[in-house]
Every structure is written in structure tokens, then in C-alpha cells.
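To start, the structure under review is shown below, and the notes come after it.
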Amino acid sequence: MVELITGLRADQVRANLERVRAEISAAGREPDEIQILAAVKYVPIEELEVLAEAGLELLGENRAQDLAAKAEAHPGRFTWDFIGQLQSRKVKQVLPRVRYIQTVASDSALGQLGRHGTSSTEILVEVNVAGEPGKSGIAPGDLAGFLERCPVRVVGLMTMPPLADDPEASRPHFAALRELAGEHGLRHLSMGTSQDYLVAIQEGATIVRLGTSLYRSGSS
């Protein structure tokens, strides 16, 4: 069982946030170009105030029921994205609480977006760039047709590359997603986690989804 992240300190989180921003600058990108999303799947509701004190404003949740509980406990305090595997039956529950759903990848989800989305609904499409069997995300070759069928505005793409010890192993997958986004005129690239976000930044990420790199003590 995964342990919840507790005992967070605003000064430590703030220091980590500042380190990430410095790394963005060192990579030749402007910090304002890249949105730092704090992944809070394992952060309890009572710890979220610490993230606000540290200067984090954009949070991402993986589970619809936890998203609802956390957003309602801190009304208006954060901007939320949904970053977990999307069940089509949860679309109606998620939509009113988020800026973006980052993980749209099925025709059933498109059907629910058609029923419950509005003119202001914006999403990212999840792409299985590496073609991993059993992993969520549409195939790159299916993207054009998927975009044509989407009933709401698509603002970008998201991917999760294969798990690897070497962050450089993610580079070709991030580069491929950047090329796909460019082909379709999509602005946002949500790619890179605590494991490989520096590579993602170098390859054009506009959103990085960070957890442990923001929450751990120390700055190394």
C-alpha cells in the first residue's frame, strides 16, 4: 500500500519549486512558458494548504472522487486538472471542477464530452506514443481522426513514456509528441514527471506533472 505524503513544509516545497524554475531557465526556457502542476494523488486534503503557502496554484488529481473532495474542501484556492485514467462514466463528475481533462483517449469519453461538455470545455488527448500494449492513450496514427470526432476544444496532447531508469530514454517519445502537436496546431504538451521532467522541458513541454521532486526534503 502506498503511503500518503504527510508532514509537508511550505519552505521546503517552495525551495523545490524555485529549484525547478531555475532548472527551466538553465534549459533555455522561460519559466513562465511552463506550467508546474503538482500531482496530489497521495497528498491528503489537510496538506493542500501547505502547497498554497508554497506558491503552488495548479494541482492534478488522478481519481474523480478525490478530485471532488479536494476541490470542495478548498473552493477557489486552486486550479485543477484531471490527470488519471479517465472512465467515461466519470466525465460528468470531473468536468465542472477542472480546467483540463488531460487524459481523453476513448470514443466513449468523447461521447460523454458531447453530452456534458460546453463551449468552454477544453481537453488534452492522451497519446500512447510508444505503442505500449495495454497502456491508455490513442495510437499516433489515429490522432487525426480522433481530433475530428472530438466534440470539444482540444488544446494539447499528453503522454506517459515507458518507465525507465534513464530519463534520456523518454526523449524520443517526448520529441514524437512535440512533432504530433505541431502537425495539428496544438499548443500544450503535458509531458514529464519527477523522473524525467528536465528532458521534457528540453523537448518542448508546456506542462510538467511533478510529485516527489516538489515534496521531498532537500534540493538535490
16 Å reach of a label modelled at Arg216, 7 Å along Cα-to-Cβ, counting backbone N of the stretch 22-61: 23, 39
Residue-wise HN-Hα coupling along the stretch 64-75, computed from phi with Karplus coefficients 6.51, -1.76, 1.60 (Hz; x: Gly, Pro): 4, 5, 6, 4, 4, 5, 6, 5, 6, 6, 10, x
Descending Cα extents along the principal axes, the chain, whole Å: 46, 38, 34
Candidate lysines - alpha carbon under 18 Å from Lys70, same-chain residues fewer than 8 apart omitted: Lys41, Lys90, Lys92
Calculated log₁₀ intensity ratio I(q)/I(0) where the Debye formula runs over C-alpha points of the stretch 1-99, q = 0.19 Å⁻¹: -0.96
Where only C-alpha atoms are counted, convex hull volume of the stretch 94-197 per residue in Å³: 104
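Given the DSSP H assignment, sum -39500 (n - 2.57) over each helix run of at least 4 residues in the chain and divide by its residue total; what's the result at 222 nm in deg cm²/dmol, nearest 500?
Rounded to the nearest 500, it is -9500 deg cm²/dmol.
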Amide H within-cut-off set for Gly60, under 5 Å, with H built and near neighbours excluded: Ala38, Ala39, Val40, Asp81
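No lab work stands behind these numbers, since they all come straight from the coordinates. Everything numeric here is computed off the predicted structure, so don't read it as measured data. Quick reminder, even Gly has a Cβ in these numbers, built from the backbone with ideal geometry, and neighbours come from all protein chains shown.
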